[in-house]
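The values are calculated or read from the model by the stated rules, or taken from the named source; none is laboratory data. Everything numeric in this text was worked out from a predicted model, so none of it was measured. Here the Cβ positions follow ideal geometry from the backbone for every residue, glycine too, while neighbour counts run over all protein chains shown. Ligands, DNA and RNA are stripped out before the accessible areas are found, and what is left, the full protein with its side chains, is counted by its heavy atoms. Shrake-Rupley method; radii C 1.70, N 1.55, O 1.52, S 1.80 Å.
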Amino acid sequence: MPRRARQPTLPVDGSVISVLGMGYVGLPLALAFAKRFPTIGFDIDPVRVEELRSGRDRSQAVTDREIYWERRVTFTADLDDLRGSDVFVVAVPTPIDEHKRPDLTALKAASRMVGEVLQPGGLVIFESTVYPGATEEVCVPLIEEASGLRYNWHFFVGYSPERLNPGDPFHRLTEVVKITSGSTRRTAKFVDALYGEIIEAGTFPVADMRTAEAAKIIENTQRDLNIALVNEFAMIFDRLGVDTGAVLEAAGTKWNFLPFTPGLVGGHCIGVDPYYLTHKAEEAGHHTELILAGRRINDAMAEYVAGRVVRLMKRHDIAPAGARILVLGLTFKENCPDVRNTKVVDLVGALESHGAEVVVHDPWVHADNVPDGIRMIDKPETGTYDAIVGAVRHSDFTYFRDGVRSFGRSPCVVFDVKQLWPADVADERL
C-alpha cells in the first residue's frame, strides 16, 4: 500500500478535472470548469459522447454554441482516459425505485469507476443528491474497495450539491451560490477554492459533508410541501366553488406570502428528494408525518386532475369513453425538454382509464425521449378534440389564449392545470 498522500493544497491551478455524468448537471459543470482547467467529460453512453463531440446537446442544458467553443473539455466514454486526473466530480442521477426508495445504482457504479482510476492524493467530489451520510457510508467504501486506497489517508472526498434548475435562464450554474464541504479541513478549503474559480455568485462552505447533504435535500422538500399545501387549497376551493387562482393572486399582495401555485409535481428533484430524507429518517427511528403527507397529496394530483376533467366533460354531456382528449405539455416543468418522472404520464394514464383516447403535444420533447405508452402529435388538429388539458406552462402554450378552443369540437371543454391562460379562457382551472 502506498505511503500517506499529501492532501489537496492551494492553489488549485494545474488541476485536471474529470466530471462523471454528462447530463443536466454534469455537462454545464464540465464546460464551466473547462474555462479554467483541463477538463474531461465522461459518460457511459457512447452515443451521448459522440453527440457532445459533434457540438450538440439534445437535453438543451447548454447551447450548442457553448459546447462548440469550449475547446478545453474532452468528451469520452473510455474510463482509462480519466487516469491522471487530480479531481473527480460525480454528477450522476439519484432517482427512486418503484417502491419510492432511494436508487443509488448509478452513484454506486460511478464510485467504483472512480476507484478504478484514482491515484494517491486524488480528490473525489460528489454533486448527486443523497440523504445525509450517504457519501461516507455508501460511496467511500466502494472507492476504497475498487482502488485499494485508504480514505483520508490516500484519497480525499468533498460534497457540493448541485443546484441546477433546467429551463431557467436566470439561475444558471455560475449565478447560484454553491455549498461546499470536504472530508478534512484542508480538503474543504481546496473544494471551496476550486468552485470559487467558476461560481460568480460565490460559495458557502459548511462544517462537514453531512450538513451539505442535508441542506440540499431540505431545499426541495420545503418546495414540495409548499406545493402540496396549495394543491390542497385547490381541492378545498373547488368544493367551495372558489377560484383558486384568484385567491392566490389576492393573497399574494401581502409582502410575505409565498408565491406557489398548484399543479403536478414530478421531475428529478422535488418529487424525489423528500423520499431520500424520509428513508434516512426511518433508519434513524423517526417516522416522518408532514413530509410524507405532502408527498401523498402531490403524488395523487394526476388522478385528482383527471377526475376533475372527467366530471367537467360529463357536465357538458361529453362521454369520457371514446372521447378524444388533447394534453398540452409532457415535460415535468415549463420551457425545458426534461421528461424524467413527469406526472403528465400519470395524468394521461388516468384519463385513458376512463376510456378516452389521449394525445399529447409538446414541442420541447425530442421524439427519442417520449415515454412508452404516450401518443405524441407534432401539431394539434383544428376542430378535433372533446377536451383540452393545459398541463405544462410552456411559453409556447400561453400564446394560444382564446385560440386554444379552435382545436376543439362543439361541444369541447378546456381545463387549465397551470394557470396558462386568463380565467375566462378555460372552463375550469386548478
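Quick notes on this one:
- Relative contact order %, region 139-220, counting alpha carbon pairs below 8 Å whose residues are six or more apart: 27
- Projected label distance in nm at Glu303 and Arg315, using a 7 Å step from Cα toward the beta-carbon: 2.2
- Residue-count net charge about Phe37 - beta-carbon cut-off 10 Å; Lys, Arg +1, Asp, Glu -1: 0
- Modelled spin labels at His286 and Thr63, positioned 7 Å past Cα toward Cβ, are 4.5 nm from each other.
- Semi-axes of the equivalent ellipsoid for region 321-430, Cα gyration tensor, largest first, Å: 20, 17, 12
- Angle of helix 301-315 to the longest C-alpha principal axis of the chain, folded into 0 to 90 degrees and rounded to 10: 10°.
- Sorting Val73, Val177 by accessible area puts them as Val177, Val73; the probe is 1.4 Å, largest comes first, and only protein heavy atoms count.
- Label-point separation in nm, Ala109 to Thr384, each point 7 Å along Cα→Cβ: 3.8
- Two-site FRET efficiency, Arg401 against Asp97, from Cβ-Cβ distance with R₀ of 35 Å, rounded to 0.05: 0.25
- Cut-off 13 Å between beta-carbons: net charge of the residues surrounding Arg401, Lys and Arg +1, Asp and Glu -1: -3
- Of interest is the spacing of the C-alpha centroids, which for region 389-430 and region 248-299 amounts to 27 Å.
- Volume per residue that the Cα convex hull of region 139-262 spans, once the total is divided by residue count, Å³: 156
- Long-range amide H partners of Val89 with built H, under 5 Å: Ser18, Val19, Leu20, Ile125
- Taking a ≥ b ≥ c as the square roots of the eigenvalues of the alpha-carbon gyration tensor, region 1-151 is classed oblate because a/c is 1.5 or more while a/b is no larger than b/c.
- Cα shape, region 216-273, gyration tensor, a/c 1.5 rule: oblate
- Arg3/Glu137 FRET efficiency (R0 30 Å; Cβ-Cβ; nearest 0.05): 0.65
- The mean sequence distance of close C-alpha pairs (under 8 Å, at least 6 residues apart), as a share of the length of the chain, puts its relative contact order at 11 percent.
- Our summary gives region 55-135 a relative contact order of 31 percent, counting only alpha carbon pairs under 8 angstrom and 6 or more residues apart.
- In the chain, the longest principal axis of the Cα atoms and the axis of helix 185-196 are about 50 degrees apart.
- Solvent-accessible surface of protein heavy atoms, probed at 1.4 angstrom with all chains present, puts His394, His366 in the order His366, His394, largest first.
- Bridges between two residues of the chain, per DSSP, are antiparallel at a rate of about 5%.
- Tilt relative to the chain, helix 273-283 - C-alpha long axis, 0 to 90 degrees, to 10: 70
- Cα gyration tensor category, rounded, prolate or oblate, for region 1-77 with a/c compared to 1.5: prolate
- Exposure rank, largest accessible area first [Ile236, Ile217; 1.4 Å]: Ile236, Ile217
- Applying Stokes-Einstein at 25 °C and 0.890 mPa s to the Kirkwood radius of region 234-334, computed over alpha-carbon pairs, gives a translational diffusion coefficient of 147 µm² s⁻¹.
- Spatial separation of Cα centroids for region 171-233 and region 72-103, in angstrom: 19
- Rounded accessible area of Arg172 (nearest 10 Å², 1.4 Å probe): 90
- Put simply, the Cα atoms of region 365-430 extend 36, 23, 19 Å along their principal axes, the longest span coming first.
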